[in-house]
Amino acid sequence: MEYASGYLGDGMSLLIASHLTLCPPCRQATAANEEIGGALMAAEAPATDMPDLAAIMARIEEDTCKDAPKVTDDPGSPLPRPLRQAVGVNFSEIPWRTRLPGLAEHILSQDRNEDGQEIKVSLLKAKPGVKIPSHTHEGDEATLVLTGALEDDGKIYRQGDVALSGDHDDHQPKILDEGVCICLIVQNGGLRFTGTFSRALNLFT
């Protein structure tokens, strides 16, 4: 509902827009929420005060297209269309950076909110069998699986699934043997490694 009403931040809006391309029932639910929101606005606003909706939408589209990166025609890409637009290059041209053996990251954006909390939006690519070191979070983390599959806290997540973690979760996601796993991650706040050996990684984060 927050997405449909435009109250979400850019990172989570991108994650949900990408998720909706992979989840038809969620698209229907979002469309229903948008219709409800539109009906409420129409009921509350006097007819004489109703804005020219067509003009507003045209302006939004014009501003979005002007500032947005080029939408690439990349039929072999595993990324949904909203995410391809955000990345701005073909999938084969993404400048991945190795973080750990078998694990690479591409940061799409990194900023801070009004409370000073870090907000990072990134793509993660992991080989089958990779275990992410045990860690916890300073805030919330949302992970959208785009390819492959991962197991986290006894649950299996595959294409289109979203895993949610908070500052109370201490977890160790594992990539399953179902091909390379690519995820879109929206992280509020940093993370802290908690494993016996992985705690040394906190020196580098």
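The values are calculated or read from the model by the stated rules, or taken from the named source; none is laboratory data. What you are looking at is a predicted structure, and each value in this text was computed from that prediction instead of being measured. Every residue, glycine among them, receives a Cβ derived from its backbone with ideal geometry; neighbour counts consider all protein chains shown. Accessible surface areas use protein heavy atoms only, side chains included; no ligands, DNA or RNA. Shrake-Rupley method; radii C 1.70, N 1.55, O 1.52, S 1.80 Å.
Of note:
- Yes/no for VAL180 being without any contact (Cβ under 8 Å) to a residue 60 or more places away in the chain, open to solvent by 50 Å² or more (accessible area, probe 1.4 Å) and closer than 17 Å to PHE91 by Cβ: yes
- If you go through the range 169-178 and keep only what is in a loop (DSSP other than H, G, I, E, B) and either at pLDDT 95 or above or among the acidic types (Asp, Glu) (or both), you end up with ASP169, LEU176, ASP177, GLU178.
- Spans of strands (runs of 3 or more DSSP E) in the range 91-168 with at least 2 residues surrounded by 15 or more Cβ atoms within 10 Å (Cβ to Cβ): 103-112, 118-126, 135-137, 141-147, 150-152, 162-165
- Annotation: of all residues in the range 76-90 being touching a residue at least 24 places away in the same chain (Cβ under 8 Å) and not in a helix (DSSP H, G or I), the one that is farthest from the chain's Cα centre (by Cα) is PRO78.
- Residue count for the range 13-22, restricted to those that are surrounded by fewer than 18 Cβ atoms within 10 Å (Cβ to Cβ) and either touching a residue at least 40 places away in the same chain (Cβ under 8 Å) or farther than 20 Å from ASN188 by Cβ (or both): 2
- Scanning the range 120-159 for residues that are of a type in the set (Val, Ile, Thr) and out of contact with any Gly (no Cβ under 6 Å at 6 or more places or on another chain) returns ILE132, THR136, THR143, VAL145, THR147, ILE156.
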